[in-house]
1. For F180, all conditions in the list (1) without any contact (Cβ under 8 Å) to a residue 40 or more places away in the chain; (2) out of contact with any Gly (no Cβ under 7 Å at 6 or more places or on another chain); (3) assigned to a helix (DSSP H, G or I) hold save one; what is the number of the exception?
2. Which number in (1) modelled with pLDDT under 75; (2) in contact with a Phe, Trp or Tyr (Cβ under 8 Å, 6 or more places away or on another chain) marks the one condition that T72 misses?
3. Could you list all residues from segment 187-239 that are of a type in the set (A, V, I, L, M), part of a helix (DSSP H, G or I), under 28 Å from the mean Cα position of the chain (by Cα) and farther than 26 Å from V107 by Cβ?
4. Let me confirm something: among Q99, Q95, Q139, which residue is in contact with a strand residue (DSSP E or B) (Cβ under 6 Å, 6 or more places away or on another chain), modelled with pLDDT under 75 and more than 19 Å from P216 (Cβ to Cβ)?
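The values are calculated or read from the model by the stated rules, or taken from the named source; none is laboratory data. Small disclaimer: the values here were computed from a predicted structure and weren't measured. Cβ placement follows ideal geometry from the backbone for every residue including glycine, while neighbour counts extend to all protein chains displayed.
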Amino acid sequence: MMAALAPIIGSANIVSQVKVALALTLTFVVAPTVNYSADLMPMTWFGFAYLAMGELMVGLAMAFMVRLVLETANLAGEYLSFQMSMTMVNVMDPQSGAQVPVVSRLVYIIFVLLFLLANGHLVVIKAVVDSFKVIPPGQVMFWDGRTFTEIMLAVGRMYILAVKIAAPVVGLLFCVKVSFGIVAKAVPQMQVLFVGMPLYILAGLVLVGFSMDFWPRLVGQAIFEAQTGLNRLVGIWVP
């Protein structure tokens, strides 16, 4: 499940054969580290279904929490596109199959590169290995209310990070729009809409370029918080 839904690894651009090969490779690598006696293997269909469902939910929850780090790029791109008046300039997102603003794709590609640079893909693999070491298969406890709380905290961190990324551009363009509003009142003959729109795009792109210096630090902090959240989540599921 992690190989199918995790960031980058589970991308729709990667063919299914590669995902299956990666899942099998991880299985052969992780299997020797799992201390699981064959005597504990359930002998009934219900027991086996419960064991498989537990491992499926573990993979889903961990992939979702790590995926939120990259989904921040799409959310921040939405904020930037709206302020730069580029919400109608859309491209096809191969990951989701939906139309997204072109600024979102730009931010997403940069985030993917930063994610790989910060070894975020290794965090995903480490989470898989640690989950088997800490939680034996078939002994996952999902009914703890702290699981939902931890996931909601991860979603909240996504929105906070998106606001941090978009804040410089939003603040500058707000000042630019206020200035054009004053100009429109002082000089009614000026076509503010046609003059202001190219300036919004230019100012937004320039400030995005300057603010990229802070993005590696923000992405690194987001990956660290995601790893910490995964450790807490795995600790909640320990029987």
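1. (2)
2. (1)
3. Result: L233, V234, I236.
4. Just one listed residue meets the conditions, Q99.
Residue-by-condition table, conditions (1) more than 23 Å from L122 (Cβ to Cβ); (2) at pLDDT 80 or above:
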| site | (1), (2) |
| --- | --- |
| A184 | yes, no |
| Q191 | yes, no |
| M212 | yes, yes |
| A222 | no, yes |
| A226 | no, yes |
